[in-house]
Structure formats: C-alpha cells, structure tokens
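Student: Below are the structure tokens for one structure; questions will follow.
All of the numbers you see were taken from the coordinates with simple rules; none came from a lab. Here the structure is a predicted model, which is why all the values come from computation and not from measurement. Cβ sites come from the backbone with ideal geometry, for glycine too, and all protein chains shown count toward neighbours.
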Amino acid sequence: MDALIESFKALSDPTRIRILNLLSQGELCVCDIMNVLDIPQSTVSRHLSVLKSSRFISSRKQGLWHYYKINRMSELEKDLFAILEKYREKDSYFSKDIKTLKLKCSCDDKSGCK
C-alpha cells in the first residue's frame, strides 16, 4: 500500500507529470527539461528528485551533465503511464511540451549538452 501512495504523491504535481511526458520521448538532460518547461534548474532538480525517489526514473552522469530516463515499470506504473498516453493527445500542455522539446533539445549522445 505504501508504494501505491508514494506513486500517487509523486504524480500529484503537474510539473512532474509534464517531466514524465518529456521523458517518455527518451533520455534527457536536465538542461533540456529546463528549456522546455521554462523553469529554473533548482525546481527541475527538486521534481526529478521526487520522481527518482519514487522509482519512476533513474539517472546517470556523463561529465558535468545528468541524464534522466524512465525506469522499467511495474504493472501499476504501466497502467498509470497508459493513462498519461491517453491524455497526451488531448492535453495542449503535453503536445506543446513535446513540440518544444523537438525544437529546443540541445543534447546528443556524443557530446552532451551544448
């Protein structure tokens, strides 16, 4: 029961939902999340910390940069992400964020953030 409660708490913030939406497109650097959502690094890091402690995401460090991706999911998490997928098509924030990500993404696998 505790895991379920923690999962819902982690998903209770719109910014964290938007971050998960972005990460559903693949691994991202903190700078890309900042650019798309137009929020400070400290705010992004706080939200990423909550998502990471709830085991929705994991991170790796490459040089100075931290990259985040969605973890393998439990059945509950798969169900929650299925709901996110349904709303992605209907919610203007989700579609706008994905379009902005494609325009502003500055990371690549070879050199990291620019």
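Student: Evaluate E = 1/(1 + (r/R0)^6) for K86 and T15, where r is the Cβ-Cβ distance and R0 equals 25 Å; express this FRET efficiency to the nearest 0.05.
Tutor: 0.80
Student: Could you state the angle between the C-alpha long axis of helix 14-23 and the longest principal axis of the C-alpha atoms of the chain, as a value from 0 to 90 degrees rounded to the nearest 10?
Tutor: Rounded to the nearest ten degrees, it is 60.
Student: Sequence gap of 8 or more, or different chains, plus Cα separation below 17 Å: how many lysine pairs satisfy both in the stretch 1-106?
Tutor: Total qualifying Lys-Lys pairs in the stretch 1-106 comes to 12.
Student: Provide the FRET efficiency to the nearest 0.05 for the A3-K96 pair, computing r from the beta carbons and using R0 = 41 Å.
Tutor: Step by step, r from the Cβ atoms, then E = 0.85.
Student: Once all Cα-Cα distances of the stretch 2-103 are split into 10 Å bins that start at 0, what whole-number percent is in each one?
Tutor: Values per bin, smallest distances first: 15, 52, 30, 3.
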